[in-house]
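Some notes on the structure that comes next.
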Amino acid sequence: MRLLVIGSGGREHALVWKLAQSAHVKEMWCAPGNAGIAEERLAGNGRFVECVAIGAEDLSGLLGFAKEKRVDLTVVGPDNPLALGIVDLFEKSGLHIWGPNQRAAQFEASKAFAQQFMERHGIPTARSGIFQDASAAKEFSNSLQGRCAVKANGLALGKGVVVCTNQKDAERAVDSMLVSKSFGRAGARIVIQELLEGTEISLHALCDGKTAHLFPTSQDHKRAFEGDLGPNTGGMGAYSPTPFLGEAELSMARKQVVEPWLVGCAAEGIVFRGILYPGLMLTRDGPKVLEFNARFGDPETQVYLTRVENDLVELIEASLTGTLAGMELRWSAMPSVCVVMASAGYPGHYEKGKPIHGLEDVACLANTKVFHAGSARVGNQIVSNGGRVLGVTAWGGDLKTARDSAYAAAEAIHFEGAHFRRDIADKALSSISAGS
Ligand code: AMP
Ligand code: GLY
């Protein structure tokens, strides 16, 4: 098979790495990819994965390339091309592409759509309102004493959510979105949710339009600094599984979230083929959905794909052909931990082009894989090329071993200004040791 993977981050490196292990794959391209992806080889024939300089949002460029190379399957990593309708476009040309179509991608692309869907189908979520008018929005946030999350309706590069604890901040967030239009069209409508308190975890489910197979649990670390302080980021590290949701609670989440979601999709004629990734808050009143994403999480993918034992090409084919019911997901018992190394200044302004040292040494470590998130090759040197630069991932017999291995590897890698959180999985480890 000839495969094309779309995207350039750590998630896409993990997808490429896992897909390259499949004996079905004879040729693979990644658009636009990164320096780490360009070093991957196919297990079947030793060929390198080739990066091609086509942006993830250049839909016609991607379509032209897929036709020219007679690509058998295209795998979409990021949310933007899905929201732009890449799946519909490829399917119209008779090409196989994996991910939700534009209508199904609305679960992520429109927070108002997702919120109303949850309300229609009894999926537990935060109390909320949808607004275009600033004074009505402020009245609602005031009814919550300003304790709320103000969210731009559309995709906003992960920056469209402001979590507020007082009315002044809530009004400022409302004004910035609805009056100053700081998110443009994405913020022309907003969703305001009550502030939920609890532990936040990530769920992922592989879906084929009829069946949804839940993955084990994972947890991202969204804030930039240790102790969950500082600004929200795309994710500074993840681990799987998390002790904060046991088997019984996971099956409750399946009953309360995934099953009504499937019933709702069927009732509304939405055929969702891809990954549904609900962000969940474990509140005192049970799990509540904060948001739906319609793709793999980043860096959750890095920990999931180092644990899943199935051939990923076969899983994707089952998702595309509606045959997931007959398949079983198999997971390694080994926990996995990913520590993100970021550029100085991220998630704010940062510089690129810093040479990265130590990658060759770390490549020899067992049970360890460095996924590149923002890197480029300049001559013989790999340099930083993004806010999140590397996702240093390791797995082991228990969570502590995996965590220690990931940090040992991260400590061996250097680039100017590199910063990473030193407490990835710490709360989980404390919880495990308190329980044992
Ligand atoms: P979202 O993109 O909607 O997941 O929001 C980004 C982050 O904001 C989430 O990962 C949470 O940490 C936080 N957040 C979103 N909604 C809420 C809420 N209703 N209550 C508390 N925190 C929230
Ligand atoms: N881990 C956060 C995200 O992928 O949205």
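Quick rundown of the values:
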| quantity | calculated |
| --- | --- |
| Cα centroid of segment 230-250 to Cα centroid of segment 110-156, whole Å | 24 |
| Cα-based equivalent ellipsoid of segment 353-433: semi-axis lengths in Å, sorted from largest, via gyration tensor | 26, 14, 9 |
| Net charge of neighbours whose Cβ lies under 12 Å from the Cβ of residue 78, counting Lys and Arg as +1 and Asp and Glu as -1 | -3 |
| Segment 20-85 and segment 333-356: distance between their alpha carbon centers, rounded to Å | 23 |
| Electrostatic dipole magnitude of the chain [Cβ: Lys, Arg +1; Asp, Glu -1; Cα centre; debye, to 20] | 520 |
| Stokes-Einstein diffusion coefficient of segment 1-153, Kirkwood radius over Cα pairs, 10 °C, 1.306 mPa s, in µm²/s | 90 |
| Value of Rg/Rh across segment 187-335 [Cα atoms, Kirkwood radius] | 0.96 |
| Stokes-Einstein translational diffusion, the chain - Kirkwood Rh over all Cα pairs, 1.567 mPa s, 4 °C, in µm²/s | 59 |
| Cα gyration tensor shape of segment 150-196, rounded if a/c is under 1.5, else prolate or oblate by comparing a/b with b/c | oblate |
| Listed peptides 246-253, 276-283 by packing density, highest first (mean Cβ within 10 Å) | 276-283, 246-253 |
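No lab work stands behind these numbers, since they all come straight from the coordinates. The structure presented is a predicted model; accordingly, all values stated were derived computationally and were not measured. With ideal geometry, Cβ positions are generated from the backbone for all residues, glycine too; neighbour counts draw on all protein chains shown.
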